[in-house]
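Peer 1: Take this structure, written in structure tokens, and hold onto it; I'll ask about it next.
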């Protein structure tokens, strides 16, 4: 077991406290903006090995210049995903000239210079442990590696990490998430007799009522994609209603409403930070956000690509769900951030 001195941990804790779980939507890495397409030309233009990441969506008319945005799909606290994201960002720094990366789950610019004080061998072990525990993200690991390569005295960082979050919206999302968790089991139990009744009615296929019931169950699990959520809203009149179900449905809808607003704020925040070069802005966000943001960028006529780290992810990741609940509980007990 790795042992760390109390002094070392005291130095590192304030840094780790800046970054929180970002997405809160327990979904798998995915994209849905443009359907299934072949983006091999975009993959080649980026010089991106298949073993590192795949272009999952793109609107990039002129491959001779970099796109305005690169959206990297994240699965928070998943060690394999974080390792691939770290390697991807380092490639962006080395090959694409990227100097600024924006990430979900942080409120300010992140200063990771404290890790330079950790001895080299210990630093490697420490980073591995913190990533495995979900306390350190891929973008942070990349920033630490780049800092070590470029270190000067006094340090002048050629690479910067910026938080994308609005503290008020983030807290609203956490509170809605908690409300769903508190009532979800009872609400799902209340849906069981409704499903049985619909099945005995033997309605013709496609059964719109049964489809909406399935969307409602996914809503309560917070596993709807953006397009599925829009389909749910269009058929909202057929959502089952009982005194047990209604408050949880309302909390889940609030969760998705705030998640969509956060996605828009992410784009607005990144747009305000002018890149130091012609390099693209890299935004590391969860899968739900990338789908929404890709649709917004496509509508605005901005060039972008969506990258999915090349890893195998289990959809039913109990550790991931456990980490989400633990973080939601911790945030609920903490005072709201006073900074922006």
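The values are calculated or read from the model by the stated rules, or taken from the named source; none is laboratory data. None of these values were measured; they are calculated from a predicted model. Cβ placement follows ideal geometry from the backbone for every residue including glycine, while neighbour counts extend to all protein chains displayed.
Peer 1: Is it the case that residue 245 is touching a helix residue (DSSP H, G or I) at 6+ places or on another chain (Cβ under 6 Å) and at pLDDT 90 or above? Talk me through it step by step, then tell me what you get.
Peer 2: On the way: touching a helix residue (DSSP H, G or I) at 6+ places or on another chain (Cβ under 6 Å): yes; at pLDDT 90 or above: yes.
So residue 245 passes the test.
Peer 1: Let me ask something else. Within region 42-66, can you find the residues that are part of a helix (DSSP H, G or I), in contact with a strand residue (DSSP E or B) (Cβ under 9 Å, 6 or more places away or on another chain) and surrounded by fewer than 19 Cβ atoms within 10 Å (Cβ to Cβ)?
Peer 2: 43
Peer 1: Within region 70-81, can you find the residues that are at pLDDT below 95 and outside any loop (DSSP other than H, G, I, E, B)? Break it down into steps so the answer makes sense when it comes.
Peer 2: To start, the set of residues in region 70-81 that are at pLDDT below 95 comprises 73-81.
Matches in region 70-81: 73, 74, 79, 80, 81.
Peer 1: If you don't mind, there's one more thing I want to ask. Does region 160-179 include one or more residues that are touching a helix residue (DSSP H, G or I) at 6+ places or on another chain (Cβ under 7 Å) and part of a loop (DSSP other than H, G, I, E, B)?
Peer 2: yes
Peer 1: So which of 148, 90, 165 is over 25 Å from residue 308 (Cα atoms) and out of contact with any strand residue (DSSP E or B) (no Cβ under 8 Å at 6 or more places or on another chain)? It would help to see each step written out before you state the result.
Peer 2: On the way: 90 fails: over 25 Å from residue 308 (Cα atoms); 165 fails: over 25 Å from residue 308 (Cα atoms).
Answer to the selection: 148.
Peer 1: Quick one: how many residues across region 214-227 are assigned to a helix (DSSP H, G or I), at pLDDT below 90 and crowded, with 16+ Cβ neighbours inside 10 Å?
Peer 2: 1
Peer 1: Considering every residue within region 272-289, establish whether at least one is surrounded by 17 or more Cβ atoms within 10 Å (Cβ to Cβ), in contact with a helix residue (DSSP H, G or I) (Cβ under 7 Å, 6 or more places away or on another chain) and part of a helix (DSSP H, G or I).
Peer 2: Initial filter on region 272-289 (surrounded by 17 or more Cβ atoms within 10 Å (Cβ to Cβ)): 279-289.
Keeping just the survivors that are in contact with a helix residue (DSSP H, G or I) (Cβ under 7 Å, 6 or more places away or on another chain) gives 279-285, 288-289.
When the remaining residues are screened for being part of a helix (DSSP H, G or I), the result is 288-289.
Looking for residues that are surrounded by 17 or more Cβ atoms within 10 Å (Cβ to Cβ), in contact with a helix residue (DSSP H, G or I) (Cβ under 7 Å, 6 or more places away or on another chain) and part of a helix (DSSP H, G or I), one finds at least one in region 272-289, hence yes.
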